[in-house]
Amino acid sequence: MSSSPFSSGDFLDKLVTEIYLGPMASEWKAVRSTLIRTWGDFFRALAVGPFPWRETGRQFVRVINDGWVTVVAGSVVQGIFVMWLAGYYGKMFGAYIWVGSVTAYAVFREFAVLMTSVLFAGRIGTAFTVEIGSMQMSEQIAAMSLMNVDPQLYLTVPRVVASLIALPIFTAFSFGIAILSSWLLMAFFWDMSAQIFFQNAFMFTPATLLTNSLIRAFVIGFTVALNAVALGFHRCAGAEDLGRSTTKSIVLNLFSVLLIDLLLGILFTTLSSGLRG
């Protein structure tokens, strides 16, 4: 007598695979193909040229204008967070004079580049995905191809180059805003003078820490922008597809930010330890 399919022990697994995991795996396989193709097209367009200087400049100005408010707000929040941890526990354990050192090291080592990169991915990266996806829905990209205009050269290259320049600038700007806001709040809550805060602030913050953070910002800016543009080129037939592409863009870029920051942080720490050894 044949057994009912519902009595099978792996029925639930098969059901989940067919209903959810199957389509999801197929969709992410298509996304992977889009990413690989767009990354390859970017380097091809960059090599073939001509380089779109005017459009790159326009995109750079646009990225700065669209992102600076978000970066300032995030840097102030970052400064409040570091201030509260360093100031509260510094006063508790009698390490008041080292509060500036802890604040500067934390901001330069990790907080500034990570906070700025996450905000950049959310504000600028998603904007790129929505813009390119909307152009694809309205067949503007197809029209560019018919006019013998390379979409990669005039859409992808300017946005990626503008982003890899803009994110290190935002990160450097975040350094100053976060440290300044930390001192102002410490002066307000704990009456800490500028002399006490800044006299030891950069004692344990070597110049290599600054350059390492800016290099991480450079790599993250490149990756976030190229991923965002690539997902804009992903299959987008309507508003629902555009929403899914935008969601994939932010998820992929947030994961990329964390992974790149971790790997480059380990690399720079290992190299620094090797040089000291």
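Taking Lys and Arg as +1 and Asp and Glu as -1, the other residues whose beta-carbon sits under 14 Å from that of residue 114 total 0.
So what's the gap between the Cα centers of the stretch 159-237 and the stretch 22-85, to the nearest angstrom? About 15 Å separates the Cα centre of the stretch 159-237 from the one of the stretch 22-85.
Each Lys or Arg adds one and each Asp or Glu subtracts one; over the other residues with Cβ under 13 Å from the Cβ of residue 126, this totals +2. Largest GNM mean-square fluctuation among 43, 60, 111, using the chain with Cα springs under 10 Å: 43. Over the residues of the chain, the helix contribution to mean residue ellipticity at 222 nm works out to -26500 deg cm²/dmol, using -39500 (n - 2.57) for each DSSP H run of at least 4.
Proximity of backbone amide H atoms, modeled 1.01 Å from N, is registered between residue 234 and no other residue at under 5 Å, excluding neighbours fewer than 5 places apart on the same chain. Geometric descriptor of the stretch 157-198, per residue, is 50 Å³ (volume of the convex hull of the Cα atoms).
Only Lys, Arg, Asp and Glu carry charge here, each on its Cβ (+1 for the first two, -1 for the last two); on that basis the chain has a dipole of about 500 debye about its Cα centre. Computed about the Cα centre, the dipole magnitude for the stretch 83-181 is approximately 440 debye when only Lys and Arg (+1) and Asp and Glu (-1) carry charge, each at its Cβ. Between the residues 217, 98, 112, the greatest Cα displacement towards the positive end of the dipole of the stretch 87-231, with unit charges on the Cβ of Lys, Arg, Asp and Glu, is found for 98. Mean Kyte-Doolittle of at least 0.5 plus a Cα span of 27 Å or more along the axis: flag which DSSP H helices in the chain meet both, please. Both cut-offs are met by 157-190, 207-233, 239-276. Working note: Cα atoms of the stretch 191-277, range along each principal axis, descending, whole Å: 59, 41, 14. Cβ under 13 Å from residue 60's Cβ, residue 60 left aside: what net charge do those residues give with Lys, Arg +1 and Asp, Glu -1? So the surrounding residues net to +2. Sorted into 10 angstrom bins from 0, the C-alpha pair distances of the stretch 51-163 split as 13, 30, 23, 15, 11, 6, 2, 0 percent. Note on the stretch 66-272: along the principal axes its Cα atoms extend 69, 35, 22 Å, ordered by decreasing extent.
Set the Förster radius R0 to 25 Å, insert the Cβ-Cβ distance between residue 32 and residue 215 as r into 1/(1 + (r/R0)^6), and round the FRET efficiency to 0.05. With a Förster radius of 25 Å, E is 0.40.
Quick note: the coordinates plus some simple rules give every number you see, no bench work behind them. Model, not experiment: these values are computed from the prediction. Cβ coordinates were reconstructed from backbone atoms using ideal geometry, including for glycine residues, and neighbour counts include every protein chain displayed.
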